[in-house]
Amino acid sequence: MNMVQTSNEINPRNAHHLSDALDELDHALDLCRLIHFAVEGLDKPRAAALRGGIEALETRLGCVTESIRWARGDAA
């Protein structure tokens, strides 16, 4: 029995980890949205800096989410 896994196959025993990772990414993005609301009380320079950082984080989280979806084979 050949147990070698090619790069585009997901081990079924580990596939649930990808689903868990997507759930955690969704939670992280929810936290980013909450931080966006909290920024409203800051002075303009600090708010702009924080918004820029949060937007960059959201972009990176989106990239990771898309990579996981491609790995699972359910990319749009």
ask   = Per Stokes-Einstein, at 4 °C and 1.567 mPa s, what whole-number D in µm² s⁻¹ belongs to the chain, with the Kirkwood radius over Cα pairs as the hydrodynamic radius?
value = 89
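Could you work out the relative contact order of the chain, using alpha carbon pairs under 8 angstrom and six or more residues apart, expressed as a whole percent? Could the numbers behind the result be given before it?
Numbers: 25 pairs, mean separation 31.8, N = 76.
Relative contact order, the chain: 42 percent.
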query = Label-point separation (nm) for Asp30 and Ala15, each offset 7 Å from Cα along Cα-to-Cβ?
reply = 2.5
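Go ahead and estimate [θ] at 222 nm for the chain from helices alone: -39,500 (n - 2.57) per DSSP H run with n ≥ 4, summed, over the residue count, rounded to 500.
-25000 deg cm²/dmol
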key: Vicinal HN-Hα couplings computed from phi for segment 25-31 (Karplus, 6.51 cos²θ - 1.76 cosθ + 1.60; Hz; Gly/Pro x)   = 5, 4, 5, 4, 5, 4, 5
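Computed from the coordinates by the stated procedures, all read-outs in this text should not be read as laboratory data. From a predicted model like this one, the values you see are computed outputs, not experimental measurements. In this analysis, Cβ positions are derived from the backbone assuming ideal geometry, glycine residues included, and neighbour counts consider all displayed protein chains.
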